[in-house]
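For reference, the structure is listed below as structure tokens.
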Amino acid sequence: MINQHEYGLSRGMIYPDNGPGLPWPGLVKVSPNLKHNMYPIYDNGKKYDVVGIPEATGIDVTALTLPTYVAEVVGFSMDSSGIMYDEQELGMFSLAYRTETENHGHKIVVQFNIMASLNSTTSQTLEELATPSEFAISGESVPETLGVRKRASRIELSTRNTDRELLSAFDDALYTGSMSEIAKALADNPDTAGRIDALRSI
């Protein structure tokens, strides 16, 4: 069920180049959005149906920090002298984070295969109350194959709907494996027990 109260954002992890997850502290806001193209169907000039086809899953991220390994996938690179350069090649990465839900539950959200760039960062004069600068990042995802006829750019696992053992195994795998290993564990094992075993072996 989606109709539950959600709040907070924590345990942000970034997975660059299918490597192990790295923490992304200072995440402020993550806004995924699924775009659909709507195609009306006519017969003799009369509309009788509308077909909605997913076009792209985008994402907007606001953060207070931009660790080097995040900067490198959104178009920056640093040389051996410690100088940072912009307008560099973009990398692909995945993102995982957690939100809290009602009745002391929580939800784990994963967005796969994101290519994004830094939109803006704002610096301002010092005031009596310091206001941290925010980094705004936006991009789009490429769907991941997660089983037969299952392709998705984003998945959610929640304490309300997901088997507790599966949720626990998935949560542990986020800190020990790569996103490609996690996706493979889901794709190769359509049943809950198989997925738990595969995730625990990562």
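The values are calculated or read from the model by the stated rules, or taken from the named source; none is laboratory data. In this text the structure is predicted, and so the values were computed from the model without any measurement. Don't worry about glycine lacking a Cβ; one is built from the backbone with ideal geometry, like all the others, and counts go over all protein chains shown. Side chains included, ligands, DNA and RNA excluded: accessible areas come from the protein's heavy atoms. Shrake-Rupley method; radii C 1.70, N 1.55, O 1.52, S 1.80 Å.
Count Lys and Arg as plus one, Asp and Glu as minus one, and take only other residues whose Cβ is under 14 Å from that of Gly194; the net charge is then -2. In the context of the full set of protein chains, residues of the stretch 95-197 present 56 Å² of accessible surface per residue (probe radius 1.4 Å, heavy atoms only).
Accessible area per residue was computed with a 1.4 Å probe on protein heavy atoms; Leu66 scores about 40 Å².
Both numbers refer to the Cα atoms of the chain; Rg and Dmax are 19.5, 69 Å.
For Arg98, the accessible area of its heavy atoms, probed at 1.4 Å with every protein chain present, is near 40 square angstrom.
What a 1.4 Å probe finds exposed on the stretch 75-144 is 50% carbon and sulfur by accessible area, rounded to a whole percent. Per-residue surface analysis assigns Ile202 an accessible area of about 50 Å², computed on protein heavy atoms at 1.4 Å probe radius.
Once C-alpha pairs closer than 8 Å and six or more residues apart are averaged by separation and normalised to the residue number of the chain, the relative contact order reads 21 percent. Calculate the length of the line joining the C-alpha centroid of the stretch 8-86 to that of the stretch 170-193, in whole Å. What the calculation gives is 21 Å, centre to centre. Heavy-atom accessible area with a 1.4 Å probe sorts Met92, Met13, largest first, into Met92, Met13.
Exceedance of the 20 Å cut-off in Cα-Cα distance is limited, within the set Lys29/Lys150; Lys35/Lys184; Lys35/Lys150, to Lys29/Lys150; Lys35/Lys184. In a DSSP loop and with at most 15 other Cβ atoms within 10 Å, the GluC sites (Glu not before Pro) in the stretch 1-109 are Glu87, Glu89, Glu102.
Hydrodynamic estimate: the Kirkwood radius of the stretch 101-197 over Cα pairs, inserted into Stokes-Einstein at 25 °C and 0.890 mPa s, corresponds to D of 153 µm²/s.
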